[in-house]
Amino acid sequence: MSIEHDRTVERIMSGLETDLLRGEHPVIVATPEDDLEKAIGWFTGFDVHHLPVVNSLDDRALIGIVSTVDALAYVAKHGTAKGATVGQVMVRDPERIAPSTTIAHATQILAAATYQSLPVVDASGHCVGIVTVRDLVKYFASRINHAQQAS
């Protein structure tokens, strides 16, 4: 049963250009100046658990990432998200991958990591998407289902 783990993450990432061309939602990004309360709203409103943090919405150079866990940890420590910014909570300079990274390699990175997502950046360091553990599980589940139906 072939699962095609050598394909690139570009096929499965929640991406900017990729999803815009297909008419789907682009990856939601934040800037360091964004209000943490607003980011928490994006987590629930868009059903995402990770937000790449970019220097500006125009340039989209990746500088960090913030997750629901990061936001919850901040609120647990401070009792509120009021007045906090994404920049105060984000993980700076996260591990990142290129669109040409294979699905197998992205899976190996996340299997060994304590984090659950990998921002995807182009050669200029601009965020073009994100790959999450959920994306990988969906991909492998669909490939296994397809392989089972073919046999």
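Laboratory data are not the source of any read-out in this text; all were calculated from the coordinates shown. Remember, predicted model here, so these are calculated numbers, not experimental data. Using ideal geometry, Cβ is built from the backbone for each residue, glycine included, and neighbour counts are taken over all protein chains shown.
Below, the figures for the structure above:
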{"read-out": "Residue that is surrounded by the most Cβ atoms within 10 Å (Cβ to Cβ), among those in segment 136-151 that are among the polar types (S, T, N, Q) and assigned to a helix (DSSP H, G or I)", "value": "Ser142"}
{"read-out": "Members of segment 98-151 found to be farther than 22 Å from Arg60 by Cα, among the polar types (S, T, N, Q) and in contact with a helix residue (DSSP H, G or I) (Cβ under 9 Å, 6 or more places away or on another chain), listed by number", "value": "Thr102, Thr107"}
{"read-out": "Odd one out for Thr114 among (1) closer than 26 Å to Glu37 by Cα; (2) surrounded by fewer than 19 Cβ atoms within 10 Å (Cβ to Cβ); (3) touching a residue at least 12 places away in the same chain (Cβ under 8 Å); (4) more than 13 Å from the chain's Cα centre (by Cα)", "value": "(3)"}
{"read-out": "Per-region count, segment 71-106, residues part of a helix (DSSP H, G or I) and surrounded by fewer than 19 Cβ atoms within 10 Å (Cβ to Cβ)", "value": "11"}
{"read-out": "Filtered residues of segment 116-135 (kept if outside any strand (DSSP E or B) and over 18 Å from Thr68 (Cβ atoms))", "value": "Asp122, Ala123, Ser124, Gly125"}
{"read-out": "Qualifying positions in segment 57-70 - surrounded by 18 or more Cβ atoms within 10 Å (Cβ to Cβ) and of a type in the set (Ser, Thr, Tyr)", "value": "Ser67"}
{"read-out": "Members of segment 130-151 found to be free of Cβ contacts under 8 Å to residues at least 60 places away in the same chain and either in contact with a Leu (Cβ under 8 Å, 6 or more places away or on another chain) or among the hydrophobic types (A, V, I, L, M, F, W, C) (or both), listed by number", "value": "Val133, Val137, Ala141, Ala150"}
